[in-house]
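Reviewing the structure listed below.
The values are calculated or read from the model by the stated rules, or taken from the named source; none is laboratory data. If you're wondering where the values come from, they're calculated on a predicted model, not measured in any experiment. Because the Cβ atoms are built from the backbone with ideal geometry, glycine has one as well, and the counts that use them run over all protein chains shown. Each accessible area value is taken on the protein alone, full model and side chains, heavy atoms only, with ligands, DNA and RNA left out. Shrake-Rupley method; radii C 1.70, N 1.55, O 1.52, S 1.80 Å.
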Protein chains: 2
Amino acid sequence: MKMGKTEITAEPGVPQIIVTREFDAPRDLVFRAHTDPDLLAQWLGPRTLSMSVERYETRDGGRWRYVHRDAEGGEYWFRGVFHGDPSPDAIVHTFEFEGVPGHVVLETTRLEPLDGRTLVRTVSSFESVEDRDAMVASGMETGVRDSGERLEELLAKLRAK
Amino acid sequence: MKMGKTEITAEPGVPQIIVTREFDAPRDLVFRAHTDPDLLAQWLGPRTLSMSVERYETRDGGRWRYVHRDAEGGEYWFRGVFHGDPSPDAIVHTFEFEGVPGHVVLETTRLEPLDGRTLVRTVSSFESVEDRDAMVASGMETGVRDSGERLEELLAKLRAK
C-alpha cells in the first residue's frame, strides 16, 4: 500500500471489488468527507461528471440518492440505504444504479488511522460475479481513480484552512 | 432442484451462501409469508427457538429487528434495513447478528413462479470469506433446513384455509 495510489482488486470468480487508498489526512477529516454531502459532491465520481446529492441521510435506515451529470445533460442516478449509523469504523450502505435496477451492492468502507494518515478500504459485495463483471466493464475504474485523486486534493485544501 | 429439499451452496473462496428450495404454493402466498411478520415468526429459524419480531418495516429504508429465544432464556437478536420496497421479484435487506456486531450481510431473496409452485432463492453476500465461514460454523444449516420445512408446513396450512 503506497501513498497516493488507488489499489483495485477484482479476483476471478469472487463477486467483490475491493478498493484501498491511503490519504494524508486524519481519520476524522476523511470520515467527514465521506458523510457530509457538500464535501462528498466535491470528490465522488469521474472528473468529467458533476454531482448533485438529492438526499444523504447518514443514519440507520437513512436513504441516499445522488446524480452524476455529463456535459451533454446525461444523468446517472444512484441510490441506497444506510445500515447502522455511519462511524469511522464502518460506513455500510447498499448501492444501486437506477439505470440498471435490480442489481444491489453492499458497500462497507472502513477508515483505519495510520499515525495521522488514514487507510480507506471499501469492499463492494455483488449478488453475482456477472453483476461484478458488468460493473468493471462499465468503466468504473476511471471513476474510482479520479475519486481517490479528487479526495486527496480536497483533503489537502481542508487541511490548509 | 427437487421439491421438499433445501439446497445450500457455500463454495470455497466465495464469500456467499446461496439457499434454494421449491415450495408447493403460489408466489403471492410465499411472498406474504416472507413479509408479514406474524407469518414470518411462525417459520423462520430452528424449531428449538421461539421468535418475536420487534419491527419489520417492509419498505425502502425500513428497519427490521427480531429475536430468537431458547428454552433457557438465551436471546439472539438480529437486525437490518430494507433496500427498496420488497416485491416477489426481490426482497433485499441487510442482516446483522447483534451478538457479533460489525459483520453485515446483504440478503437478496427472489421468488420464481413455477406453474403454481414457487422457487425461492436467497443469496447472502458477506464482506469476507472469513465472515461467511463463521456463519457456516455457527450451525446456520440447521436453522436454514428447519426454516424450509416449517415454511412448507405453514404454506400447507394457509392453503387449506
* **Considering residues of segment B:9-57 that are in contact with an Asp or Glu (Cβ under 7 Å, 6 or more places away or on another chain) and more than 19 Å from B:VAL92 (Cα to Cα) only, the residue least open to solvent (accessible area, probe 1.4 Å)** => B:PHE23
* Asked: If you take the residues of segment A:58-79 that are open to solvent by less than 20 Å² (accessible area, probe 1.4 Å) and closer than 21 Å to B:ARG63 by Cα, which of them is farthest from the other protein chains (Cβ to nearest Cβ)?
  -> A:TRP64
* So which of B:GLY99, B:GLY45 ends up being on the phi > 0 side of the Ramachandran plot and not in a strand (DSSP E or B)? -> B:GLY45
* Of everything in segment A:137-157 that's exposed (fewer than 14 other Cβ atoms within 10 Å of the Cβ) and modelled with pLDDT of 95 or more, which residue is farthest from A:THR9 (Cα to Cα)? -> A:LYS157
* Asked: For segment B:93-122, what are the residues that are more than 14 Å from every other protein chain (Cβ to nearest Cβ), open to solvent by 60 Å² or more (accessible area, probe 1.4 Å) and within 24 Å of B:GLU57 (Cβ to Cβ)?
  -> none
* Mind checking which pairs have a first residue in segment A:123-144 that is within 14 Å of chain B (Cβ to nearest Cβ) and a second that is among the basic types (Lys, Arg) and part of a strand (DSSP E or B), Cβ under 9 Å, 6 or more apart or different chains? -> A:VAL123/A:ARG110
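B:GLU127: out of contact with any helix residue (DSSP H, G or I) (no Cβ under 8 Å at 6 or more places or on another chain), part of a loop (DSSP other than H, G, I, E, B) and farther than 22 Å from A:VAL104 by Cβ, yes or no?
On the way: out of contact with any helix residue (DSSP H, G or I) (no Cβ under 8 Å at 6 or more places or on another chain): yes; part of a loop (DSSP other than H, G, I, E, B): yes; farther than 22 Å from A:VAL104 by Cβ: no.
No, not satisfied.
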* Asked: Looking at B:ASP28, B:ASP60, which one is over 24 Å from B:SER138 (Cβ atoms) and part of a loop (DSSP other than H, G, I, E, B)?
  -> B:ASP60
